[in-house]
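Readers should treat all values here as calculations from the given coordinates under stated rules, not as data from a laboratory. Predicted, not measured: the structure shown is a model, and the values here were computed from it. Note that each Cβ is placed from the backbone with ideal geometry, even for glycine, and that neighbours are counted across all protein chains shown.
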Amino acid sequence: MSFDASSDNNKFSDPFITSDGSTRASVTLNQLNTLWFNTGTLCNLACTNCYIESTPTNDRLEYIRLSEVQPFLDEIQAQALGTKEIGLTGGEPFMNPDIIPIMGAILRRGFQLLVLTNAMRPMAKLADQLLKLQELYPQQLTIRVSVDHYRPELHEEERGTRSWQPMLDGLCWLSNNGFNLDVAGRTLWGGDEQSLREGFAALFKHNNIAVDALDKKQLVLFPEMAEGKPVPEITTACWDILDVKPDAMMCASSRMVVKRKGDTAPSVMACTLLAYDQQFNLGSSLAEAAKTVQLNHPHCAAFCVLGGGSCSVEA
C-alpha cells in the first residue's frame, strides 16, 4: 500500500502505477448484479458533503429519460447478463419527470428495484403513483431513505435547516404503507457502529418505523469520503495486506449509467461514486463497460477498499 506522504501531489496520476512505483490494484467485472441509473444531479437539497455535489442548480447530469433507460434493460435481457437489481440514484430521483414511468418499466421486467431518496416533498407529490407501484410490485420495490444521523441537529448539520421533519414524515409514510424500506446513515460524526445502530434503533422504535437497525442491509452506514484528506493508494499487494478481495468491490458487480449535460447519449461509469471523472467512463453500452477498472481515485481507497462501502442491496 502506498502511504508516502511526500508524493501526495503525484498520487492517483497514473492509472497503472502508484506514486511509489508499485502496480496499482484493479478490479475485474465478474457479474453485473446491479445496474444503477443516475436520474440527474438536481436535488431539492444542497448537502454539505454530497459526494456528487447535488444541489437545486447542479444539472451536470441531466434527467435521464425512459427512452434512454430502456435500451440498457433490453441489453441486459438480450445478452442474458443475469442482472438482478436496478438502482436509481441522483440528485433526488423523484424530481425526474420520468421517474414513475422508469420505475414501472423496470418493475414490469421483473427486476428488483432500489430507489434512493431523501423522502421529502418531491416524493410526497408522487404518493398516489407510488402506492400503485407498491400494490403491484410489493416484493420487488425497495426505497432507501437518507437519514444521516438519528439526532435531528446532526442530520440538519449535513442537509440544512428544516430538513429533518419532512424526511421523518416521508419515512413514516413509507413504513406505514408497507414499503420495503432501507435507511442510509453516515459515519461522519464518529462513534462506534454499535452505538450508532442503537441510536437509530431508538428512533425507529419511537416512530414505529419498520426498519431493523441491527440489520446491515436495512441500515447501511456509509464511510466518509472527505475531500482533501490523505488517502493511501491501493496496490496489488494491498489485497493480501488488508485481507480484502477484489470481488468484494462495487466495480466487480455493478455499473452506473449517466447522462452528461450536452451529451447526445448516456455513458456507463465504473460505479456510483465517480460520475464526472472521464477515466471511469467505460463506454456507451454494457458490453463496452465490461472492462477492468483501475483503482485510480481516492474514493476507491477511502470508500470501497478501506471503508468497505457498497451501495447495493445485496452488499
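Observations on the model:
- Rounded to the nearest 20, the size of the Cβ-charge dipole of the chain about its Cα centre is 740 debye, with Lys and Arg at +1 and Asp and Glu at -1.
- 5 angstrom amide H check on Glu233, placed H, neighbours 5+ away: Ser2
- Once both labels are positioned 7 Å from their Cα atoms along Cα-to-Cβ, the gap between Gln165 and Asn207 label points is 1.3 nm.
- Within the shell of other residues whose beta carbon sits under 9 angstrom from the beta carbon of Ser267, the net charge comes to +1, with Lys and Arg scored +1 and Asp and Glu -1.
- Each label was represented as a point 7 Å from its Cα along the Cα-to-Cβ direction; for Gln129 and Thr55 these points are 2.8 nm apart.
- Order of Asp74, Asp148, Asp182 - criterion: other Cβ atoms within 10 Å of each residue's Cβ, fewest first: Asp74, Asp182, Asp148
- Aspartates and glutamates with Cα under 20 Å of Lys132, excluding same-chain neighbours fewer than 8 positions away: Asp98, Asp169, Asp182
- Potential extension, Asp240-Ala265 segment - 0.36 nm per residue separation minus Cα distance: 5.0 nm
- Flagged links, alpha-carbon separation over 25 Å, of Lys11/Lys245; Lys125/Lys216; Lys217/Lys245; Lys217/Lys261; Lys84/Lys217; Lys11/Lys291: Lys125/Lys216; Lys217/Lys261
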